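The values are calculated or read from the model by the stated rules, or taken from the named source; none is laboratory data. All of these numbers come straight from a predicted model, not from anything done at the bench. Glycine gets a Cβ as well: all are built from the backbone with ideal geometry, and neighbour counts include every protein chain shown.
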Amino acid sequence: MKIEIHGAAGGEVTGSAYVIRTPNSTVLVDIGMFQGGPDAEARNQLPASLDPSRLDAVVLTHAHLDHTGRLPLLFKHGFRGPVYSTPATVDLAEIILKDSAKLQEQDAVRTNRKRERAGQPPVEPLYRPEHIEPLRVCAREMPLHASTEVAPGIRVRGFEAGHLLGSASLEFTIETSGRRVVVVFSGDLGPTTMPIIREFEPMTRADVVFLESTYGDREHRPYGETVEEFTEIVRTVTAKNGKILVPTFAIGRAQQILYHLAILVREGKVRRFPVYLDSPMAIEASKVYARHPELFDDEMRALVGGGVRPLDPSYFRASVTAEDSKKLNELEGPCLILAGAGMCNGGRILHHLKQNLWKSDTHVLIVGFQGRGSLGRRLIEGEKLVTIHGEPIAVRAQIHTLGGFSAHAGQSELLQWFSTLAPSKPRVVLTHGEDKPRTALAGQLLSRFGLEARCPGIGEEIELG
C-alpha cells in the first residue's frame, strides 16, 4: 500500500493530486490544476504513472480549481468511473470546470492569432467544454459522516472542512491482505471565523495524516479588525467616488465579500453604492449556495430565518456577458467590482486591472492567497510595472492586502484541527504549502506533539506498510 504525491508538494500550493495504490485498487484523491508561475501550463497534464483505464475512483475534497482542474483530462482520456464528493462540491465543480474550459478556449484563440502571424502552428486548449459533460454521469454522492466504499478495500468518510461550501476532510480506511490503515487528508481547512459555512469538524483517529500548510507560518489578522479595515476602505473610497477592484475566487470569496457588503449596508455603516458581480461563475455559484442551506452556520441560518438573504441579487448588479463586463471599464466611481480570477492569473479581472491599475483613484483589494509568480503576488510585493496581455501597465493604484479574509486556517487553527488526531501519533505529511510555511508548521508539530513531519516533493511516495 502506498500513496503517490503528484501536486501541492515540494513548496507548491496548487495542483493537489494523490494516488492511493493497493494490490487491489487505485483511487485518486483530487486532481487539481497548477496555478501561478511560468511553468504552470506545462505542468497541467495527467501524471505519467496514472493510467485512467486502471483507475477505480476519484474522490474530491472540494470544488476549487486547484483541486479539481485536471479532472476533465481524465474524461478526455476515457475515464468513466465514479467521482465521489459531497453534493455541493459536484454542483460547484461543474460550474468551475465549465468556466475553466471556456477560458482555456479563449486563451487558445488569442494565442493562436499571435502564432499565426508569427508563422507558428496553432496550440490546443488543455480541454474543451465537452470534456466536462461526463461529470454529472460519473458523480456519486458522498454524504458527510457516512462510510462509503469507493473501491475494493477502500472506504471513505467526509468531515466538514470549513473552507468552502461542501468542502470535506477525508478519512480513508484502507484494508488489504489483513492489514488496515487509516489515512486522513485534511484538504483545505478554513478559519474558524469564516462566515456563511460551518467550522471544521474534529477527527480523532489516523495512522497517516496529510495536512495542508498554506499558512503554516503565520496567523491571520483578527477577523473583526479585517472587517473594520474593509469597511473603512469602502467608506473612504466611495466618498471620493473612487473605483474598487476585488480580484476574487468566484466561489467562496465572492460570496464572503458580498455577505459583508450586504451586512454593512443593512446596518447603515456604508451608504448603498453600485456593486458589480462581474462573473457568470460567481452568479451561478451564489445560486448553489442558496440550494444548500443545510451547510450554513448558525449566524447565516438566523439571518435567512429573519428574512435577510445577504447573497440575494438585490444587493448587487450581475454582469453576465462579456459586453456587460466591457461597459464596466467606462464606469465612473463610486463602485466596487468583484471579478475573477482570484490570483489575477486569468479571467475578467485582468481586463479591469489593465484599464485601471495606472489610475491613482483605483483601489485594489487583495483578499486571498496569491501563488508565487501570479500577478496578484507581484502587486502585493510592490511591483510598479506589470505586463497584462502583453502590454506593460504602470501600477499607480493603491493595493490593499486583507489577509484576514483568507479562506485558509492560520497556524494556530491548523494545530487546533490536528490536536484531536495527535493522541493517535500518526505519521504527518505536510503539503499545500511553500517551503517556509511548511518548515514552520513542522517545527510546531514537533515541539507541541513530539511528531516529526515529512515535507515531500512532487513525485514522492508514502509507503503505508
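Please indicate, with yes or no, whether at least one residue in the range 427-438 is in the same structural domain as Gly7 (by TED's automatic domain parsing), farther than 21 Å from Phe369 by Cβ and in contact with a strand residue (DSSP E or B) (Cβ under 6 Å, 6 or more places away or on another chain). Full working, then the answer.
Within the range 427-438, the subset in the same structural domain as Gly7 (by TED's automatic domain parsing) is 427-438.
Next cut, farther than 21 Å from Phe369 by Cβ only: 427-428.
With the extra rule that they be in contact with a strand residue (DSSP E or B) (Cβ under 6 Å, 6 or more places away or on another chain), the set shrinks to 427-428.
Checking the range 427-438: at least one residue is in the same structural domain as Gly7 (by TED's automatic domain parsing), farther than 21 Å from Phe369 by Cβ and in contact with a strand residue (DSSP E or B) (Cβ under 6 Å, 6 or more places away or on another chain).
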**Asked** How about the range 6-31: which of its residues are in a strand (DSSP E or B), of a type in the set (Val, Ile, Thr) and more than 13 Å from the chain's Cα centre (by Cα)?
**Response** Val19, Ile20, Thr26, Val27, Val29
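In this structure, is Leu331 in a loop (DSSP other than H, G, I, E, B), hydrophobic (A, V, I, L, M, F, W, C), modelled with pLDDT under 95 and closer than 26 Å to Ile263 by Cβ?
When the stated conditions are applied, Leu331 passes them.
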**Request:** Go through the residues of the range 392-399 one by one and say whether even a single one is of a type outside the set (Val, Ile, Thr), within 26 Å of Gly36 (Cα to Cα) and free of Cβ contacts under 8 Å to residues at least 12 places away in the same chain.
**Result:** yes
**Message:** Return the residues of the range 230-246 that are of a type outside the set (Val, Ile, Thr) and surrounded by 19 or more Cβ atoms within 10 Å (Cβ to Cβ); say none if nothing qualifies.
**Reply:** Phe230, Gly242, Lys243, Leu245
**Item:** Number of positions in the range 425-450 that are more than 22 Å from the chain's Cα centre (by Cα) and assigned to a loop (DSSP other than H, G, I, E, B)
**Value:** 3
**Asked** What strands (runs of 3 or more DSSP E) completely inside the range 359-404 contain at least 3 residues that are farther than 16 Å from Ile337 by Cα?
**Response** 385-388, 391-394
**Complete:** Residue pairs within 6 Å by beta carbon, gap of at least six or interchain, first lying in the range 138-160 and over 17 Å from Arg80 (Cα atoms), second part of a strand (DSSP E or B) and modelled with pLDDT under 95, listed first then second, are Gly153/Thr176
**Prompt:** Within the range 37-64, how many residues are outside any loop (DSSP other than H, G, I, E, B), modelled with pLDDT under 95 and crowded, with 18+ Cβ neighbours inside 10 Å?
**Reply:** 1
**Asked** Before we move on, is His6 in the same structural domain as Gly162 (by TED's automatic domain parsing) and touching a Pro at 6+ places or on another chain (Cβ under 8 Å)?
**Response** yes
**Item:** Ala409, sole failed condition from (1) closer than 26 Å to Ala250 by Cα; (2) assigned to a helix (DSSP H, G or I)
**Value:** (2)
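Rundown of residues vs (1) more than 22 Å from Ala341 (Cβ to Cβ); (2) surrounded by 19 or more Cβ atoms within 10 Å (Cβ to Cβ), yes/no style:
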| position | (1), (2) |
| --- | --- |
| Gly178 | yes, no |
| Thr192 | yes, no |
| Thr248 | no, yes |
| Leu258 | no, yes |
| Ala262 | yes, yes |
**Prompt:** Is there a residue in the range 205-213 that is crowded, with 22+ Cβ neighbours inside 10 Å and acidic (Asp, Glu)?
**Reply:** yes
**Asked** So which of Ala118, Ala108, Ala139 is in the same structural domain as Ala161 (by TED's automatic domain parsing) and either under 24 Å from Leu164 (Cα atoms) or touching a Leu at 6+ places or on another chain (Cβ under 8 Å) (or both)?
**Response** Ala139
**Request:** Just one of (1) β-branched (Val, Ile, Thr); (2) crowded, with 24+ Cβ neighbours inside 10 Å; (3) closer than 28 Å to Val288 by Cα; (4) more than 22 Å from the chain's Cα centre (by Cα) trips up Thr148, so point out which.
**Result:** (2)
**Complete:** Filtering the range 281-320 down to residues that are in contact with a strand residue (DSSP E or B) (Cβ under 9 Å, 6 or more places away or on another chain) and of a type in the set (Gly, Ala, Ser) yields Ala282, Ser286, Ala318, Ser319
**Prompt:** Quick one: is Asp217 surrounded by fewer than 20 Cβ atoms within 10 Å (Cβ to Cβ), of a type in the set (D, E, K, R) and over 24 Å from Gly371 (Cβ atoms)?
**Reply:** no
**Complete:** Checking Glu323, Glu267, Glu332, Glu299 in turn, the sole residue that is farther than 26 Å from Pro87 by Cα, loosely packed, with under 14 Cβ neighbours inside 10 Å and touching a residue at least 40 places away in the same chain (Cβ under 8 Å) turns out to be Glu332
